[in-house]
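Working notes, structure below.
The values are calculated or read from the model by the stated rules, or taken from the named source; none is laboratory data. These numbers were taken from a predicted model, which means no experiment stands behind them. Don't worry about glycine lacking a Cβ; one is built from the backbone with ideal geometry, like all the others, and counts go over all protein chains shown.
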Amino acid sequence: MAIKEDPRKSETRNHALEKAIEILQKEGVLAVTHANISKQTGISRSTLYRHWPEIHQLRNDAFKRAAIPEKINQIKKGELRADLRWLLSTLLTALNETAWGQIAPQVISVAATDKEIRKVMNNFMEERMGFVEELFIEAEFRGELRPNVQIRQLVELAIAVPYFRKFNLGANTDSDWLESHVEMICQIAEKIK
């Protein structure tokens with residue numbers, strides 16, 4: 001029989017992690033310290049050290065929590081352009097309006113040297129890519145895709161460009177841009193009629 005964690009410990013951990021995410025959003029990764037979280041939450045440093053002896057453990061747990069995807073209720077129209085437009089607009093909303101979108105550049109940076117966060121990023125992206133891959137597989141089944149098209153590369157192109165545009169270029173990802181991006185992907189993917 002599994003031993004249940006004391007609800008007070010869970011509440012303390014949750015409170016500290018939510019504050020860590022807030023600090024990541026407002027102040028950046030280096031501001032996530034035992035001292036800063038203690039100061040902002042009233043949780044003693046000794047308690048924080050018991051939960052997370054090393055600060056990277058606390059930061060990693062905050063990254064993981066922010067990366068938990070919201071459930072996506074896919075609304076499939078049954079046509080590649082419409083499905084891709086809907087899914088990519090959902091991605092852009094997440095990048096622009098969620099905690100993940102605000103801290104993702106920091107997570108990406110840390111993932112370059114931290115194997116645990118690299119796993120978090122890989123899991124996060126694999127899950128997202130699965131949704132997009134499904135759309136292409138269904139389009140292939142309907143006969144919309146040209147023969148021998150590389151679905152995995154289309155998926156990467158569909159997702160990587162919005163991330164690059166937002167985080168590397170700091171460029172706009174409005175509805176006009178989304179339309180041109182979807183059109184470009186579909187031109188590469190679809191059969192020439």
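Applying the condition of being at pLDDT 85 or above and surrounded by fewer than 16 Cβ atoms within 10 Å (Cβ to Cβ) to the stretch 71-85 and asking which residue is farthest from residue 173 (Cα to Cα) yields 79.
Residues in the stretch 1-56 that are of a type in the set (Ser, Thr, Tyr) and in a helix (DSSP H, G or I) were compared, and the one that is farthest from the chain's Cα centre (by Cα) is 46. Scanning the stretch 151-174 for residues that are touching a residue at least 24 places away in the same chain (Cβ under 8 Å) and assigned to a loop (DSSP other than H, G, I, E, B) returns a single hit, 173. The residues of the stretch 159-180 that are in contact with a Lys or Arg (Cβ under 8 Å, 6 or more places away or on another chain) and surrounded by 15 or more Cβ atoms within 10 Å (Cβ to Cβ), listed by number, are 159, 173, 177, 178. Scanning the stretch 9-30 for residues that are among the small types (Gly, Ala, Ser) and surrounded by fewer than 14 Cβ atoms within 10 Å (Cβ to Cβ) turns up 10, 28. Any residue in the stretch 97-108 that is buried (at least 16 other Cβ atoms within 10 Å of the Cβ) and modelled with pLDDT of 90 or more? Within the stretch 97-108, not a single residue is buried (at least 16 other Cβ atoms within 10 Å of the Cβ) and modelled with pLDDT of 90 or more.
When restricted to residues that are more than 19 Å from residue 133 (Cα to Cα) and not in a helix (DSSP H, G or I), the stretch 175-193 contains 2. Of the residues making up the stretch 40-56, just one is in contact with a helix residue (DSSP H, G or I) (Cβ under 8 Å, 6 or more places away or on another chain) and loosely packed, with under 13 Cβ neighbours inside 10 Å, namely 44.
Is one or more of the residues making up the stretch 101-123 within 17 Å of residue 80 (Cβ to Cβ), among the aliphatic types (A, V, I, L, M) and under 18 Å from the mean Cα position of the chain (by Cα)? There is no residue in the stretch 101-123 that is within 17 Å of residue 80 (Cβ to Cβ), among the aliphatic types (A, V, I, L, M) and under 18 Å from the mean Cα position of the chain (by Cα). Among residues of the stretch 85-98 that are under 13 Å from residue 135 (Cβ atoms), those with a beta-carbon under 8 Å from a residue that is of a type in the set (Val, Ile, Thr) and in a helix (DSSP H, G or I) at least six positions away or on a different chain give the pairs 85/182; 87/132; 88/182; 91/159. Please work out if residue 128 is within 26 Å of residue 81 (Cβ to Cβ) and basic (Lys, Arg). In short, yes.
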